Structures are given as structure tokens and as C-alpha cells.
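Input: a single structure, listed below in C-alpha cells.
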Amino acid sequence: MILVSSCLAGIKVRYDGGDCLNDRIKKLLEENKAISICPEVLGGLPIPRIPAEIVGGDGEDVLENKALVMDQTGKDVTDSFLQGAYAVLKKAQEVGATCVILKENSPSCGSSFIYNGHFNGEKKPGMGVTTALLKRNGIEVISEKDF
Ligand code: SF4
């Protein structure tokens, strides 16, 4: 089974209430080859929600308690991001996911790049929290750009 970011399948779960539709990924769902997950929603965050970025590191650092996830108002939302990441890991293990395709640049789902923590639209190399947790548990993650 393939696990994909819900927003890539056209489900409106993004912080702004929108999606990031990728037709090929949506087709995987329609053909019952994939299931969709949104770590931030699984972590209890609402739609829409205030945008958040990893401050002081990347997803690996969040797992090590060396960085935080903060929303744009300065609220610490690290616990919700961790809760979502562990929920996705559980799901991936339950369904025996052979491939995980997550949305690039997201503080949860990014696999090569994330926003830099200054809310200025600039990115830096690094993984989101969910991607880091999946990889740490031996699950390969690619972005929609590599699919
Ligand atoms: Fe998409 Fe992941 Fe953000 Fe959810 S957390 S909206 S699945 S990029």
C-alpha cells in the first residue's frame, strides 16, 4: 500500500483550507492503491489553521527535543506535530506501507526542504517532523517531485 499526503490527493486539509492537487497521486487513491493522511490534522490541528514552521532546526531536531514547531503567532505547536507524526507512523506500519509520498516543503511532510523558521517564504534543506520519524523507523519517503 502507498501512503500519500492528503493535500496531494486534492483533499482540502492545508493550513489555508486548500489543497495541493497532484492528478497522478489522486489517481492512486481512486484506484485504491493508496490511502491518504494529513499529520497535522491527525495531530488535532484545525482546518484552516495558523501556518507553522520549525524554528531552530529541522524535523530530526524536533524529534531530539532540540527544535520547536511554532505557529506564526509564536504559539508552540510541537506536541501536535509530534502526535501527528506518530499517528502516521502507526498507520504506515498497520498497512505495511511500501511507499510514502509526502508534500515537499511542509514542516510535517517535507523530505528535502522545509521553510526556514522565519516566516519569510524562504526554504532550507531539511526534513519535516513526520518524514524524519518515518525515516528513523526505516520507511522510505519521497516527495511529489520525485514521484
Ligand atoms: Fe499536506 Fe502534510 Fe500539510 Fe497535511 S501536513 S496539509 S498532508 S503537507
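Could you list, ordered by first residue, the pairs with Cβ atoms under 6 Å in which the first is in the range 1-29 and without any contact (Cβ under 8 Å) to a residue 24 or more places away in the chain and the second is in a helix (DSSP H, G or I) and more than 8 Å from the ligand (Cβ to nearest atom), at least 6 apart or interchain?
10/26; 26/9
Being more than 16 Å from the ligand (Cβ to nearest atom), open to solvent by 20 Å² or more (accessible area, probe 1.4 Å) and part of a loop (DSSP other than H, G, I, E, B) is the filter here, so list the residues in the range 53-110 that pass it.
Scanning the range 53-110 gives 56, 64, 65, 66, 73, 74, 75, 96, 98.
Checking residue 36 against (1) closer than 18 Å to residue 99 by Cβ; (2) open to solvent by 20 Å² or more (accessible area, probe 1.4 Å); (3) away from the ligand (no atom under 12 Å from the Cβ), which test does it fail?
With respect to (1) closer than 18 Å to residue 99 by Cβ; (2) open to solvent by 20 Å² or more (accessible area, probe 1.4 Å); (3) away from the ligand (no atom under 12 Å from the Cβ), residue 36 is out only on (3).
Among the residues in the range 130-143, are any open to solvent by 50 Å² or more (accessible area, probe 1.4 Å), farther than 16 Å from residue 87 by Cα, outside any loop (DSSP other than H, G, I, E, B) and more than 15 Å from the ligand (Cβ to nearest atom)?
Checking the range 130-143: not a single residue is open to solvent by 50 Å² or more (accessible area, probe 1.4 Å), farther than 16 Å from residue 87 by Cα, outside any loop (DSSP other than H, G, I, E, B) and more than 15 Å from the ligand (Cβ to nearest atom).
Taking residue 44 as meeting all but one of (1) in a loop (DSSP other than H, G, I, E, B); (2) open to solvent by less than 20 Å² (accessible area, probe 1.4 Å); (3) of a type outside the set (Asp, Glu), write down the number of the exception.
Unmet condition: (2).
The values are calculated or read from the model by the stated rules, or taken from the named source; none is laboratory data. Because the structure is predicted, anything quoted here is derived from the model rather than measured. All Cβ positions, even for glycine, are placed from backbone atoms using ideal geometry, and neighbour counts span all protein chains on display. Surface areas here come from the heavy atoms of the whole protein model, side chains and all, with no ligands, DNA or RNA. Shrake-Rupley method; radii C 1.70, N 1.55, O 1.52, S 1.80 Å.
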